[in-house]
Amino acid sequence: MAAKPRIAMVGPGSLGSALAVSLSNAGYRVSEVVSREGRASRQRARRLANRVGARATTTNRPALTAQIVWLCVPDREIARCARSLGEASGWKGKVALHSSGALSSDELSVLRRKGAAVASLHPMMTFVQGVTPSLEGVPFALEGDALAVRTARAIVRQLKGEVFPIQKKQKPAYHAWGAFASPLLISALVTAEQVAGAAGIGRESARRMMLPIVLQTMANYACRGPEGAFSGPIVRGDAETLRKHLKILGRIRGTKEVYLALARSALRHLPTRNRRLLQEVLGF
Ligand SMILES: NC(=O)c1ccc[n+]([C@@H]2O[C@H](COP(=O)([O-])OP(=O)(O)OC[C@H]3O[C@@H](n4cnc5c(N)ncnc54)[C@H](OP(=O)(O)O)[C@@H]3O)[C@@H](O)[C@H]2O)c1
């Protein structure tokens with residue numbers, strides 16, 4: 001069997017750290033962890049490099065031995081970081097990847113011009129500092145140059161994820177979809193915590209007390225789809241209950257607008273009794 005290619009991880013943040021560990025566990029050699037020049041940045045790179053047996057280096061003097069260079073820097077930094085890395089020679093035949101959900105492989109065109117094959121490869125998964133989620137069954141959206149696409153497919157297979165092809169122009173919508181699946185879900189829950197406060201329940205308790213209903217809702221959504229998982233006053237058509245909700249939410253800053261936006265979506269996409277009356281109460 002051919003030896004796995006060496007991989008350089010650029011940006012030892014939430015995604016970069018988790019990927020470096022997962023790649024290393026899957027038998028890849030992470031040869032370099034690349035950071036910016038700042039002291040704290042270099043320290044983070046050293047910590048990750050020690051963890052995966054790599055060399056820590058910086059974007060100014062990277063001296064990369066890796067055949068694959070994976071940029072895990074914030075979207076706004078990808079092109080700048082590629083320009084900085086592109087100042088070094090030796091890009092011919094290498095593969096460069098970035099993992100933005102919204103941006104296309106063209107963000108790496110400076111490296112393409114230097115002879116690298118480039119692709120964007122985005123895992124539909126949430127990564128936060130200190131957590132390495134399983135990538136088994138995780139979809140990875142992929143587009144780019146033929147060699148980079150082939151290389152990325154092989155990596156995702158080893159990580160037990162599943163590649164699906166995406167077109168460049170579909171990426172902003174694809175990423176907005178992902179925003180609903182995790183960060184905005186958390187935003188809905190943090191709004192719920194504010195509302196719990198008005199019922200005399202503190203944030204910590206609210207989180208603990210909400211977990212059973214949140215987890216059961218997800219389980220119902222997984223087994224029965226949105227229609228089968230939807231309960232509460234909207235599906236029952238209880239207009240007076242909605243009126244009570246709106247009255248109290250009007251007194252809790254920033255919560256009524258979230259409620260109204262989600263209720264509007266529910267009326268549009270989910271089963272509802274007394275639709276006309278509910279629309280009237282909600283002011284739609
Ligand atoms: N987090 C997720 O759930 C997730 C999921 C899928 C895809 N992604 C994608 O992954 C990428 C990184 O996101 P993240 O959430 O991991 O961000 P993050 O936690 O903020 O990490 C970004 C890392 O990049 C470093 N960095 C910033 N600018 C740099 C530059 N010019 N050169 C070198 N390193 C630089 C930062 O280091 P310092 O600031 O310390 O210098 C930090 O280590 C983004 O494209 C994002 O869309 C993230």
Whether any residue in region 11-21 is modelled with pLDDT under 95 and either more than 16 Å from LEU97 (Cα to Cα) or among the aliphatic types (A, V, I, L, M) (or both) is what I want to check. no
How many residues does region 29-43 contain that are surrounded by fewer than 22 Cβ atoms within 10 Å (Cβ to Cβ) and under 21 Å from MET125 (Cβ atoms)? 0
Check whether at least one residue in region 243-262 is within 28 Å of PRO139 (Cβ to Cβ) and touching a Phe, Trp or Tyr at 6+ places or on another chain (Cβ under 6 Å), and report yes or no. no
Among the residues of region 68-79, count how many are outside any strand (DSSP E or B) and either more than 21 Å from the chain's Cα centre (by Cα) or near the ligand (Cβ under 6 Å from one of its atoms) (or both). 5
Given the options ALA141, ALA82, ALA152, name the one that is small (Gly, Ala, Ser), within 13 Å of the ligand (Cβ to nearest atom) and not in a strand (DSSP E or B). ALA82
How do the pairs read when you match residues in region 38-62 that are in the same structural domain as CYS81 (by TED's automatic domain parsing) and more than 22 Å from ALA88 (Cα to Cα) with residues anywhere that are away from the ligand (no atom under 12 Å from the Cβ) and assigned to a strand (DSSP E or B), using Cβ under 7 Å and keeping only pairs 6 or more apart or on different chains? VAL52/VAL30
Between ALA206, ALA152, which is surrounded by 16 or more Cβ atoms within 10 Å (Cβ to Cβ) and over 30 Å from LEU103 (Cβ atoms)? ALA206
Residues located in region 121-138, provided they are more than 24 Å from ARG44 (Cα to Cα) and within 13 Å of the ligand (Cβ to nearest atom): MET124, VAL138
Given the options ILE213, ILE234, ILE248, name the one that is of a type in the set (A, V, I, L, M) and surrounded by 14 or more Cβ atoms within 10 Å (Cβ to Cβ). ILE234
Picking from GLY115, GLY93, GLY27, GLY101, which residue would you name as being of a type outside the set (A, V, I, L, M), away from the ligand (no atom under 15 Å from the Cβ), under 25 Å from the mean Cα position of the chain (by Cα) and part of a loop (DSSP other than H, G, I, E, B)? GLY27
Quickly run through region 101-134 and pick out the residues that are surrounded by fewer than 21 Cβ atoms within 10 Å (Cβ to Cβ) and within 16 Å of ALA18 (Cα to Cα). MET124, MET125, THR126, PHE127, VAL128, GLN129, GLY130, VAL131, THR132, PRO133, SER134
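Yes/no per residue for (1) in a loop (DSSP other than H, G, I, E, B); (2) within 13 Å of the ligand (Cβ to nearest atom):
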| position | (1), (2) |
| --- | --- |
| PRO5 | yes, no |
| ALA8 | no, yes |
| PRO12 | yes, yes |
| SER17 | no, yes |
| GLU32 | no, yes |
| GLN43 | no, yes |
| ALA49 | no, yes |
| ALA63 | yes, no |
| ALA66 | yes, no |
Using beta carbons and a limit of 6 Å, which pairs, at least six apart or on different chains, have the first residue in region 147-163 and touching a residue at least 12 places away in the same chain (Cβ under 8 Å) and the second one hydroxyl-bearing (Ser, Thr, Tyr) and in a helix (DSSP H, G or I)? LEU159/SER22
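The values are calculated or read from the model by the stated rules, or taken from the named source; none is laboratory data. Note that the coordinates shown come from a computational prediction; the quantities given were computed from them, not determined experimentally. Ideal geometry is used to build each Cβ from the backbone, glycine not excepted, and the neighbour counts take in all protein chains shown.
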